[in-house]
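Note sheet for the following structure.
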Amino acid sequence: MYEHHVTSSQGVHHSDKGIVIVGGGLAAARTAEQLRRSEFTGRITIVSDEEHLPYDRPPLSKEVLRKEVDDVALKPRDFYDEKGIILRLGAAATSLDTTAQTVTLADGTVLGYDELVIATGLVPRRIPAFPDLEGIRVLRSYDESMALREHASEARHAVVVGAGFIGCEVAASLRSLGVEVVLVEPQPTPLASVLGEQIGALVSRLHRAEGVDVRTGIGVAQVRGDQHVEQVVLDDGTELTADLVVVGIGSRPATEWLQGSGVEVDNGVICDETGRTSAANVWALGDVASWRDATGHQARVEHWSNVADQARVVVPAMLGQDVPDVVVVPYFWSDQYDVKIQCLGEPEATDTVHLVEDDGRKFLAYYERDGVVVGVVGGGMPGKVMKARGKIAAATPISEMLG
Ligand SMILES: Cc1cc2nc3c(=O)[nH]c(=O)nc-3n(C[C@H](O)[C@H](O)[C@H](O)COP(=O)(O)OP(=O)(O)OC[C@H]3O[C@@H](n4cnc5c(N)ncnc54)[C@H](O)[C@@H]3O)c2cc1C
């Protein structure tokens, strides 16, 4: 067990309040781990509103939903005990006082801190106009994934509203469970706002090949049912039979508890390029945080690898150590059927897309902006995507990539 010293090994003076991390997901776990790796010996407390140990979310729409995996804990409980990381589970933070340097929890407990880390992630958006019927679900947490898979084992006709990453993955997982799926998306293709319509069309093709009824350029007008959902009506009047509706229309940062704290929030907690917020001794990372990027813009990233990249920066910044100066090429993936879609760099929907490989299912595309390659997106091409990392970091001319 770690002792709770009053001074960290870096000479930064802390009282025995230590570092409080609010949020019990990947960002919280990575921050706590990184603090111990950086030889911080003071008190670390993780406060989470969930009862579960910090766990991994990507499997929730994939292996967990497909009933292949149940345990997604990032580390066993022993790990936290050995590292002297205090877990306060099932304890939502409800308010923050940045002057007194205290966090109040739902049960009334007041925790003092020397440094506070905000890692509260996202809350899935719902559609307020939908009636309150059984069978309408969102997916963000482990409990929601387990409930959805339970429901899916009895469902025959699912409508997935929104063809972003989570909607597409849920559609794929439901198909593998034998459920008929209609995927409804107001944009012209799935993933259009992230990857552009050209690659989005290839994603549509993949889902159609697997028997998903992909309806794009249209929204949901109404959901009907008596207690349980029975029907989804589209904007053009089409009536779809449904005993399961999954809403995958994105999420918003979990920042309500920061109201009145003085911490600046604007589509996420506003941070500098090291995770420092507008309030002294308060930091933020992960999906909830909007960090200043290299171009001076605020950017909030909702991907897994970004969390570890940020933890490696925020921890030394918080401890007054040198912040590593590494060039990070952003990365994320999405598993849909047997195709791993991978995205390296920062492609945008407005970039020029060069489709360099396409066998009817798998594909590889380079994204060009101002004559250089800014991103590579592959479907089922892992080696080729990863090989492009150096080229993107070096802002290689697209002519060289294609030549
Ligand atoms: C279904 C799903 C699939 C995904 N698949 C991929 C993928 O394939 N590839 C990829 O790159 N990324 C994927 N992601 C994204 C990735 O999981 C996230 O980027 C990552 O989980 C972010 O971690 P986080 O700790 O910032 O937030 P979270 O993991 O959301 O953790 C936040 C935690 O804080 C808790 N919390 C919130 N408010 C409070 C409060 N007031 N008090 C106490 N606790 C609170 C929440 O309950 C939660 O436990 C996926 C996400 C989901 C939901």
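Using 0.36 nm per residue and subtracting the Cα-Cα separation, the extra length available between E357 and A395 on full extension is 11.6 nm. Between helix 304-319 and the chain there is an angle of about 10 degrees, using the helix long axis and the longest principal axis of the Cα atoms.
Beyond 31 Å between alpha-carbons counts as too far, so tell me which of K67/K362; K75/K340; K83/K387; K62/K362; K17/K67; K62/K384 fall in that bin.
Values: K67/K362 26 Å; K75/K340 25 Å; K83/K387 37 Å; K62/K362 19 Å; K17/K67 42 Å; K62/K384 23 Å.
Long pairs (Cα-Cα over 31 Å): K83/K387; K17/K67.
Assign one of three labels to the range 41-150, namely rounded, prolate or oblate, based on the Cα gyration tensor with a ≥ b ≥ c the square roots of its eigenvalues; rounded applies when a/c is under 1.5, prolate when it is not and a/b is larger than b/c, and oblate otherwise. Note, shape of the range 41-150 comes out oblate.
Which of the GluC sites (Glu not before Pro) found in the range 110-199 are in a DSSP loop and have at most 15 neighbouring Cβ atoms, other than their own, within 10 Å? Can you show the working numbers first?
Values: sites: E115, E134, E144, E150, E154, E169, E180, E197; in loops: E154.
Here the sparse-neighbourhood loop sites are E154.
The GNM of the chain, with springs linking C-alpha atoms under 10 angstrom apart, assigns the highest mean-square fluctuation among P58, P131, P324 to P324. Once you sort the root eigenvalues of the Cα gyration tensor of the range 153-207 as a ≥ b ≥ c, which label holds: rounded (a/c under 1.5), prolate (a/b larger than b/c) or oblate (the other case)? It comes out prolate by the Cα gyration axes. Stokes-Einstein diffusion for the range 238-375 at 10 °C, viscosity 1.306 mPa s, with a Kirkwood radius from C-alpha pairs, works out to 89 µm²/s.
For the range 137-152, 3J(HN,Hα) computed residue by residue from phi via the Karplus equation (6.51, -1.76, 1.60; θ = phi - 60°) reads 10, 10, 9, 9, 10, 4, 4, 5, 5, 5, 5, 5, 5, 4, 5, 5 Hz, glycine and proline entered as x. Annotation: extensible slack from T99 through R292 equals 67.0 nm (criterion: 0.36 nm per residue apart, minus Cα-Cα distance).
Which whole number of Å³ per residue matches the convex hull of the alpha-carbon atoms in the chain? Write out the running numbers ahead of the final one.
On the way: hull volume 58.3 nm³, N = 403.
Dividing the Cα hull volume of the chain by its residues yields 145 Å³.
Of the trypsin sites (Lys or Arg not before Pro) found in the range 115-222, the ones in coil according to DSSP and having at most 15 other Cβ atoms within 10 Å of their Cβ are R125, R126, R156.
Using 1/(1 + (r/R0)^6) with R0 = 51 angstrom and r between the beta carbons of E239 and D322, what's the FRET efficiency to the nearest 0.05?
Computed FRET efficiency for E239 and D322 comes out at 0.25.
Shape verdict for the range 258-338, please, from the Cα gyration tensor: rounded (a/c under 1.5), prolate (a/b greater than b/c) or oblate. Verdict is oblate for the range 258-338.
With each label modelled as a point 7 angstrom along the Cα→C-beta vector, the V110-K384 pair spans 6.1 nm.
Computing the accessible area with a 1.4 Å probe over protein heavy atoms, can you report the carbon and sulfur percentage for the range 335-381? On the range 335-381, the fraction of accessible area on carbon and sulfur atoms equals 43 percent.
The values are calculated or read from the model by the stated rules, or taken from the named source; none is laboratory data. Computed from a prediction, not measured in an experiment: that's the story for all the values here. Positions of Cβ are generated from backbone atoms using ideal geometry, with glycine treated the same way; all protein chains shown enter the neighbour counts. Ligands, DNA and RNA are stripped out before the accessible areas are found, and what is left, the full protein with its side chains, is counted by its heavy atoms. Shrake-Rupley method; radii C 1.70, N 1.55, O 1.52, S 1.80 Å.
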